[in-house]
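Below: the structure, in structure tokens.
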Amino acid sequence: MVIQGVWRRSSGCAGWLGEGREYVTTNAQKATGNWSAKAYRKELIASSDDVAAASKAGKPQLLDARQPAQYLGLAKRPDVLTFGHIAGSKELAPELLAKPSNGALYFWQKNTYDALMAANGLSVKWPTIAYCNTGHLAAGGWFVMSELVGNKSTKLYDGSLYLWTLEGRPLVGVPLN
């Protein structure tokens, strides 16, 4: 299916179709491209050592983009070796990143993100490192903080808790009985 017209970055295909926008089902012509890979952008990626330093110093702030049960240490993914979160991090659950409407997800307005960040103990102005279990949910937290809120001092810890726990680094959480 080819969707023609102006693409709204906040609605995706489900939103486009749900809003009754025009689409066609014919095959699109292949276009010749000129894309080429560019150098690794170090300014966007945090290392385990960057995260460890932030955990001790409190800056940059750490944004944990996982579910509350995982953040608190009540549950974990199989690829993460221990329960909990990196000391000093603040949680911003993935379900807070977009609002559902008519079967689609839409981004909030900037002032809503500002309020969500503040309610979760995150500053929209401080340098930030986003992480999750394996880097995929952290990409959403990074995108919201960097691109929608406008905090260009935001990095992604792509190794996330998979790498952190593989390296034997500690997590904190609520005690399990």
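The values are calculated or read from the model by the stated rules, or taken from the named source; none is laboratory data. A quick note: this is a predicted structure, and the numbers were derived from the prediction, not measured. Every residue, glycine as well, gets a Cβ built from its backbone with ideal geometry; the counts of neighbours run over all protein chains shown. Ligands, DNA and RNA are excluded from the accessible area calculation, which covers all protein heavy atoms including side chains. Shrake-Rupley method; radii C 1.70, N 1.55, O 1.52, S 1.80 Å.
Structure notes:
- Residue count, the range 117-136 (criterion: within 13 Å of the chain's Cα centre (by Cα) and either closer than 10 Å to residue 62 by Cα or β-branched (Val, Ile, Thr) (or both)): 5
- Pairs are defined by a Cβ separation below 9 Å, a sequence spacing of at least 6 or placement on different chains, a first member in the range 120-131 that is over 8 Å from residue 155 (Cβ atoms), and a second member that is open to solvent by 40 Å² or more (accessible area, probe 1.4 Å) and acidic (Asp, Glu); the pairs so defined are 124/114; 131/158.
- Residues located in the range 71-127, provided they are small (Gly, Ala, Ser) and more than 30 Å from residue 20 (Cβ to Cβ): 73, 75, 84, 87, 88, 89, 93, 115, 118, 119, 121, 123
- Test: residue 104 is touching a strand residue (DSSP E or B) at 6+ places or on another chain (Cβ under 8 Å), modelled with pLDDT under 95 and hydrophobic (A, V, I, L, M, F, W, C): no
Okay, residues lined up against (1) assigned to a loop (DSSP other than H, G, I, E, B); (2) of a type in the set (Asp, Glu); (3) farther than 19 Å from residue 40 by Cβ:
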residue: 137; (1), (2), (3): no, no, yes
residue: 141; (1), (2), (3): no, no, yes
residue: 150; (1), (2), (3): yes, no, yes
residue: 163; (1), (2), (3): no, no, no
residue: 170; (1), (2), (3): yes, no, yes
residue: 175; (1), (2), (3): yes, no, yes
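- Selection within the range 152-161 - touching a strand residue (DSSP E or B) at 6+ places or on another chain (Cβ under 9 Å) and either open to solvent by less than 50 Å² (accessible area, probe 1.4 Å) or assigned to a loop (DSSP other than H, G, I, E, B) (or both): 153, 154, 156, 157, 158, 159, 160, 161
- Sub-8 Å Cβ pairs linking a first residue in the range 61-78 that is over 22 Å from residue 146 (Cβ atoms) to a second residue that is open to solvent by 40 Å² or more (accessible area, probe 1.4 Å) and assigned to a strand (DSSP E or B), at least 6 apart or interchain, are 73/172, ordered by first then second residue.
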